[in-house]
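The values are calculated or read from the model by the stated rules, or taken from the named source; none is laboratory data. For clarity, every value in this text was computed on a predicted model and none was experimentally measured. Here the Cβ positions follow ideal geometry from the backbone for every residue, glycine too, while neighbour counts run over all protein chains shown.
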Amino acid sequence: RVWINDTRYFDNVPLTAWKLFVSGYQSLDKWLKDRIGLTLSGDDIRHFQMMVVALTKTAELMVQIDECTNI
């Protein structure tokens, strides 16, 4: 779970997506920190969820690429 306040959170965020750095940033953490003090809209929530999916798939592809290069 990724808690965004005392009562709200995003559930089922894979650790690999949370920890994945892109361009020197932990993308999900940075995205949320950039919105501190704001109320997330429905579009914001959907965007975060799409980021989770994209980062999860990216991490999976990175593992597959590494496996191919270790032959």
Condition check: in a loop (DSSP other than H, G, I, E, B) and either more than 11 Å from the chain's Cα centre (by Cα) or surrounded by 11 or more Cβ atoms within 10 Å (Cβ to Cβ) (or both). Does Leu38 satisfy that?
yes
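Just wondering, is there one or more residues in the stretch 22-29 that are on the phi > 0 side of the Ramachandran plot and either among the charged types (D, E, K, R) or over 12 Å from the mean Cα position of the chain (by Cα) (or both)? Full working, then the answer.
First pass over the stretch 22-29, keeping only residues on the phi > 0 side of the Ramachandran plot: 23-24.
Adding the requirement that they be either among the charged types (D, E, K, R) or over 12 Å from the mean Cα position of the chain (by Cα) (or both) leaves 23-24.
Within the stretch 22-29, one or more residues are on the phi > 0 side of the Ramachandran plot and either among the charged types (D, E, K, R) or over 12 Å from the mean Cα position of the chain (by Cα) (or both).
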Hey, can you tell me all the residues within the stretch 8-34 that are surrounded by 13 or more Cβ atoms within 10 Å (Cβ to Cβ) and either assigned to a loop (DSSP other than H, G, I, E, B) or of a type in the set (Asp, Glu) (or both)?
Val13, Pro14, Leu20, Asp29
Residue check for Val52: touching a strand residue (DSSP E or B) at 6+ places or on another chain (Cβ under 8 Å), part of a loop (DSSP other than H, G, I, E, B), at pLDDT 95 or above and surrounded by 10 or more Cβ atoms within 10 Å (Cβ to Cβ)
no
